[in-house]
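Heads up: the structure comes next, in structure tokens.
The values are calculated or read from the model by the stated rules, or taken from the named source; none is laboratory data. These numbers come from a predicted model, not from an experiment. Neighbour counts are summed over all protein chains in view; Cβ atoms, including those assigned to glycine, are modelled from backbone coordinates with ideal geometry.
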Amino acid sequence: MAEIEDGFDLTGTWQGDDGSVTYLRQVELGDSIQIFWHSTRASAVPYTNLFMGCRVGSSIFGQWVDLPEYSENSIGTMALEVIDANTIRQVTNTLRYGTKEWKQIRSGFPPASTPATEPPCDENKE
């Protein structure tokens with residue numbers, strides 16, 4: 001498989017094969033490309049976790065930790081592979097991590113919401 005360029009941005013919303021939703025952000029910090037995500041799943045076995053890692057080409061390496069929103073209380077190290085613009089796959093993991101594959105459902109950030117505007121003042125009203 002050909003290596004994907006470092007400039008390929010993964011920022012967006014991803015759907016996990018276990019029903020989870022992951023909000024991923026790719027950021028260039030100095031000479032490295034960092035990956036951050038917040039992932040959550042509301043199901044019979046819910047969880048919420050954070051991931052912080054580093055991306056080199058099509059490989060991502062990092063650590064994840066469960067947050068205290070639910071009863072899951074794990075931490076681990078994980079390696080991932082970027083398959084294409086819309087697919088990330090888990091390669092290795094030190095502990096059980098439910099999601100094995102992610103599919104991108106939205107690229108980038110959602111559109112900014114338009115603030116509600118007040119109707120123009122009508123000087124003839126009291």
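What to note about this one:
- The listed residues are 83, 35, and the only one of them that is of a type in the set (Val, Ile, Thr), in a strand (DSSP E or B), within 26 Å of residue 8 (Cα to Cα) and under 12 Å from the mean Cα position of the chain (by Cα) turns out to be 35.
- Annotation: of all residues in segment 58-74 being part of a strand (DSSP E or B) and aliphatic (A, V, I, L, M), the one that is surrounded by the most Cβ atoms within 10 Å (Cβ to Cβ) is 60.
A quick yes/no check of all residues on (1) among the hydroxyl-bearing types (Ser, Thr, Tyr); (2) more than 13 Å from the chain's Cα centre (by Cα):
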site: 42; (1), (2): no, yes
site: 52; (1), (2): no, no
site: 70; (1), (2): yes, yes
site: 92; (1), (2): yes, yes
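- Only one entry in 16, 12 is modelled with pLDDT of 95 or more and under 15 Å from residue 64 (Cβ atoms), namely 16.
- Out of 99, 77, sole residue that is part of a loop (DSSP other than H, G, I, E, B), touching a Ser or Thr at 6+ places or on another chain (Cβ under 6 Å) and not acidic (Asp, Glu): 99
- Cβ pairs under 6 Å, 6+ apart, first in segment 48-67 and more than 7 Å from residue 35 (Cβ to Cβ) and free of Cβ contacts under 8 Å to residues at least 60 places away in the same chain, second acidic (Asp, Glu) and surrounded by fewer than 14 Cβ atoms within 10 Å (Cβ to Cβ): 48/69; 57/3; 58/3
- Among the residues making up segment 44-57, those that are under 19 Å from residue 73 (Cα atoms) and either surrounded by 16 or more Cβ atoms within 10 Å (Cβ to Cβ) or charged (D, E, K, R) (or both) are 47, 48, 49, 51.
- Looking only at residues in segment 32-43 that are modelled with pLDDT under 95 and within 19 Å of residue 68 (Cβ to Cβ), the one that is surrounded by the most Cβ atoms within 10 Å (Cβ to Cβ) is 41.
- Restricting attention to segment 102-126, the residues that are of a type in the set (S, T, N, Q) and either at pLDDT 95 or above or not in a loop (DSSP other than H, G, I, E, B) (or both) total 2.
- Among residues of segment 7-27 that are within 13 Å of residue 82 (Cβ to Cβ) and in contact (Cβ under 8 Å) with a residue 12 or more places away in the chain, those with a Cβ under 7 angstrom from a residue that is surrounded by 20 or more Cβ atoms within 10 Å (Cβ to Cβ) and of a type in the set (Ser, Thr, Tyr), sequence gap 6+ or separate chain, pair up as 14/22.
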